[in-house]
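What follows is a set of notes on a single structure, which appears directly below.
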Amino acid sequence: ETKWNFLPFRPGLVGGHCIGVDPYYLTHKTEMLGYNPEIILAGRRLNDRMASFVSSQLIKLLTQKNIKINSAKILILGLSFKEDCPDIRNTKVKDIIDELAEYNCKVTIYDPWVNRDEAKKEYGI
């Protein structure tokens, strides 16, 4: 972090209308040209499982803290695919919400940037 213009990237949810989708266009084209894009596909598989990983880590934390999972109240701050943005296309937050619903957690979502009607229409939340 001492380098000039250093950006501290960290693993997270990859959604939105570009990064979450465009690698599939690239892999399709490269396969047409006879190339096997293993690294690109491995990256997508990892990203596609991130919501499940986040959910399982949260369930583990609740268990460690002796919080009853089926009555846990969870507040998720942010629904869009990135901060300070109203765009909810391909948001992976919905996947986390769905995973937590399987445990009967009481999930509340707050995102002041997102239009409530659009969230209800697109994702039923």
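Throughout, read-outs are computed from the coordinates displayed, never taken from laboratory work. Small disclaimer: the values here were computed from a predicted structure and weren't measured. Here the Cβ positions follow ideal geometry from the backbone for every residue, glycine too, while neighbour counts run over all protein chains shown.
Under the criterion of Cα pairs below 8 Å and six or more residues apart, the relative contact order for the chain equals 26 percent.
Placing +1 on each Lys and Arg Cβ and -1 on each Asp and Glu Cβ, with no other charges, gives the chain a dipole about its Cα centre of roughly 440 debye. Are there any GluC sites (Glu not before Pro) in the stretch 1-92 that are in a DSSP loop and have at most 11 other Cβ atoms within 10 Å? List them by number. Sparse-neighbourhood loop GluC sites (Glu not before Pro): E1, E83. Subtracting the Cα-Cα distance of L41 and Q64 from 0.36 nm times their residue separation leaves 4.9 nm of extension gain. Modelled label positions at R89 and D22, each set 7 Å beyond Cα in the direction of Cβ, lie 1.2 nm from each other. For I125, nonlocal amide neighbours, meaning residues 5 or more places apart or on other chains whose placed amide H falls under 5 Å from its own, are K120. Amide hydrogen proximity for I74: with H placed 1.01 Å from N in the peptide plane, the residues at 5 or more positions away or on another chain lying under 5 Å are K106, V107, T108. In this structure, the pairs whose alpha-carbon distance is over 20 Å, taken from K68/K94; K65/K94; K68/K92; K73/K121; K92/K121, are K68/K94; K65/K94; K68/K92; K73/K121. Scalar couplings 3J(HN,Hα) for the stretch 68-74, obtained by applying the Karplus form with A = 6.51, B = -1.76, C = 1.60 to θ = phi - 60°, are 4, 5, 6, 10, 5, 9, 10 Hz; x denotes Gly and Pro.
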